[in-house]
Structure formats: structure tokens, C-alpha cells
Amino acid sequence: MAVKDPIAAKTIREAAQTDDLTVVGASSENQSLANGRPFQPSLIVLEWQEDYDALQLSNKSASDIPIIVVAPIEDEAIARVKTQVQEWLIKPFSSAYARTRIRACFARRATGSAR
């Protein structure tokens, strides 16, 4: 997980731990992807940044690993990359909502469906 906002990070961590998921923190997208490789991540959670290249992000993470992006608002810049990201958490959000979105990623992965 590469989320700098401490409130959002805590909320996501609580949501993941409710389902006994291990959360590995990272300071950046690249570190998140690098840290995830030895752990074989089931999910990558990143904080939105204006300079994201969605296709590059998707290629780095491998198509079978879902990506959730945390964003402050939903706007046109974010809309441009929606097709590359499985889930979005628009701040503020609750632990229950984050847990629902995490579970949705795993459900889609289990059934082989994409968003």
C-alpha cells in the first residue's frame, strides 16, 4: 500500500485486517510494486497522483493483480485512467466501504471478471 494520507491509510489497514489480510506499506508506487513482488500481492492500493500513467501502472502490476486508487475527488484527470484501475476510493471513506471495495476486487478476481 502506497498511501501517504494517514487517515486513509489507517482506514484501509483496518478494512484489510478485518479480513485477515496483511498490509505491506510503501512510500511510492514503485516501492509498492517492488515490495509486493516477494510477497506475491493479492491487491495493490495506491494514492492518486496527477502524473500517473495508467497503462504503465497496469503493466507494472501485472494484469492479474487488482489495483485500488485512493483519490481526493473524482475529476476528469482521474476519469482518463478509470479503465486501468479496478476500484476507486474517493476520500473521505469509511472502513466498511473500503472493505467492500477490497472484497469486490477479490470477488472479480475469483470469478475471472473484469470491471
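Does the range 4-11 include one or more residues that are part of a loop (DSSP other than H, G, I, E, B) and at pLDDT 60 or above? Let's see the steps before the verdict.
From the range 4-11, those part of a loop (DSSP other than H, G, I, E, B) are 4-5; that's our starting set.
Filter once more, keeping what is at pLDDT 60 or above: 4-5.
Checked against the condition, which is being part of a loop (DSSP other than H, G, I, E, B) and at pLDDT 60 or above, the range 4-11 yields at least one hit.
Considered as a group, the residues in the range 70-90 that are more than 13 Å from the chain's Cα centre (by Cα) and at pLDDT 75 or above include one that is farthest from P6 (Cα to Cα), and that residue is I73.
Could you pull out the residue among R115, R109, R103 that is of a type in the set (K, R), under 15 Å from the mean Cα position of the chain (by Cα) and at pLDDT 85 or above? It would help to see each step written out before you state the result.
Details: R115 fails: at pLDDT 85 or above; R109 fails: at pLDDT 85 or above.
Selected residue: R103, the only one of R115, R109, R103 that is of a type in the set (K, R), under 15 Å from the mean Cα position of the chain (by Cα) and at pLDDT 85 or above.
The values are calculated or read from the model by the stated rules, or taken from the named source; none is laboratory data. Nothing here was measured: the structure is a model prediction, and the numbers come from that model.
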